[in-house]
Amino acid sequence: MRVFRGDRGEVHPPGLIGRGVTTPLLLFWLLLAAGAGTSRAEEVWLFDVHSHHARGLHLEEVIARMDASGVRKIVLFARRQGTDKEVLDLQTKYPDRVVAAVGFQNPEWLRQVPRFLDEVEAKLRSGRFRWMGELLLRHYGVPELQAPEYDISPESDLFRRVLDLSAKYGVPVTIHHEAEPGNVESFRRALGQNREALVVWAHWCGRAEPAMVRRFLAEFPNLYCDLGGAQRSRRYGQEKHPLIGPTGVLEPEWRAMIEAFPDRFLAAIDAVDPSHYARYNEWVGELKSALAGLPPGITRRVAFENAEGLLTRWKGPPR
Ligand SMILES: [Zn+2]
């Protein structure tokens, strides 16, 4: 666990006071805060808005990995045989640490079965799920994760309905859509159908060309980019318009964009299976180091404030 030092060097235990935190834990934070010689990267704590629950994963391990790496909160997307119910049970046990998402890596979304969205809406109506995802549109196959290729049109009726649900409930939806020359315009038209939808375009906005991301962010004020999977130590992070350069700092064009749109980028790790959680600490460290190169106020926004702000967009249970 880490504390974050503010712009003027003041120390903020991250929002724990008054949330039922025990005195020993508070004391621990304060002792940590008093410790000298820690680097800025170590002082940043993260809100990971993109990791997964899957078969074979013990969810308590997720909490332990978060504790060990200075991640205060996490959004969990069930995938494969991991279930929304298990994610919700973890959220009930750790309400300040876990945000339960309605999982979209589900055969019914992937086969575009309309009834699936009725179940999604029922879950949103319960008020207990505050995120949706990871919704796959264009997705490259990942053999090591037994993940096939998908190419679902952004202009489908079902996708439009997802955007409407996001707007209606004020619940973000995280979308995996690899930007390609032939699919960017259709995605732009789809987003234009409901500008109130809270869209998190995963993987630094589809790993699109930075200039294209800049145009999207300018056009859609409710569009966000998550930074999941960007680490240099992962093949995925290096394949297409990398976010982080060979020396571990943000690539200049991405750094300039984050500084131009400091409220629109969200820290994310994208741990998918148990082998990924074994590397969670390392991947969190890489992302923290890269973000530490930003001005401190912006580091803090990307690390956790922007995600906290998104959660406040929830419109509450319908009357
Ligand atoms: Zn993804």
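Computed from the coordinates by the stated procedures, all read-outs in this text should not be read as laboratory data. Predicted model, so just to flag it, every value in this text is computed and none were measured.
Key figures for this structure:
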read-out	value
Top of R160, R300, R189 by mean-square fluctuation, Gaussian network on the chain, Cα under 10 Å	R189
Most fluctuating residue given options Q146, Q238, Q193, as computed from a GNM of the chain linking Cα atoms under 10 Å	Q146
Full-extension gain in nm, Y140 to R234, via 0.36 nm per residue minus C-alpha separation	32.3 nm
Using alpha carbons only: equivalent-ellipsoid semi-axes of segment 104-165, gyration tensor based, whole Å	22, 14, 10
Value at 222 nm in deg cm²/dmol, rounded to 500, when DSSP H runs of n ≥ 4 in the chain each add -39,500 (n - 2.57)	-11000 deg cm²/dmol
Cut-off under 5 Å, modelled amide H: who pairs with L76 long-range	V99, A101
GNM top mover of M212, M132, M66 - the chain, alpha-carbon springs below 10 Å	M212
Convex hull of Cα atoms in segment 114-220, direction-averaged projection (nm²)	7.1 nm²
Rounded to 5, percent antiparallel among DSSP beta bridges of the chain	20 percent
For segment 81-102 and segment 172-200, distance of Cα centres in Å	26 Å
Unit Cα scatterers, Debye sum, the chain: log10 I(q)/I(0) for q = 0.07 Å⁻¹	-0.25
